[in-house]
Amino acid sequence: MSTIEYFQNILISKTRGRRIFLLLLDISILFISYWLTFSFQFNGFENNSKINLNSFYRIIFPNIIFAIVFYIATNQYKALTRFTNSSILYKIGLRNIFIFLIFALSNIFFYKNYLPLVNIIFLCFIATTFMSYSRALIKLLIFKRFTSKKDKKTSKVAIYGAGTAANLLATTISTDKNIEIIGFFDDNPTSWG
């Protein structure tokens, strides 16, 4: 079994392994995002007397712990990665905006504006971008596994209804290349065509 297949098995499973993998991925993304932001702010840690690694860790660890607890409390790891869509990515963005708003307030009250607001916005942008792209990449990895199966028989499906629920069903079904949606049926004349 190759490394890619091993991670595909973890990500597809409904066990705790998938959630732990995503949790560790988000911790890594948050740490890298903070590191990049602080590096840009202070032009590297080595040549700057204003910040050292101890103060860096003292600032970011409480914020990363808060972020992870918030992600868990708001069910960021409940959704199946193979069904990641734009609404899940919007929710990641909204969660990050809230988290970094709290960080901005703690920066003002506890750290005496240690990090300018523009850097916190940059931090939020980097973290959200990395998390969104990582979810999209994971979905692509899983999707590749499902489309590489030897069974290439295609089932044709018609969906009854043309409303929001039917659209959600069509989005879910479209991830499976063995199913082809041939149309929608609805008794409401305004939905015809």
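Residue by residue through segment 120-131, what is 3J(HN,Hα) from phi via Karplus (6.51 cos²θ - 1.76 cosθ + 1.60, θ = phi - 60°)? Round to whole Hz and write x for glycine and proline.
Per residue, the Karplus-derived 3J(HN,Hα) values read 5, 5, 4, 4, 4, 5, 5, 4, 5, 4, 4, 5 Hz.
Rank by packing, highest mean first: peptides 126-136, 20-30, with packing defined as the count of other Cβ atoms within 10 Å averaged across residues. Don't jump to the answer; show the numbers that get you there.
Working: 126-136: 18.3, 20-30: 16.7.
Packing proxy ranking, top to bottom: 126-136, 20-30.
So for each of 181-189, 167-175 I average, over its residues, the number of other beta carbons within 10 Å; can you give me the resulting order with the highest mean first? Don't skip to the end; give the middle numbers.
Numbers: 181-189: 11.0, 167-175: 14.0.
Order by mean packing, descending: 167-175, 181-189.
Read the figures in this text as sums done on the coordinates, not as results from a lab. Worth saying up front: this structure is predicted, and the values here are computed from it rather than measured. A quick note on method: Cβ atoms are made from the backbone with ideal geometry, for glycine too, and the neighbour counts reach across all protein chains shown.
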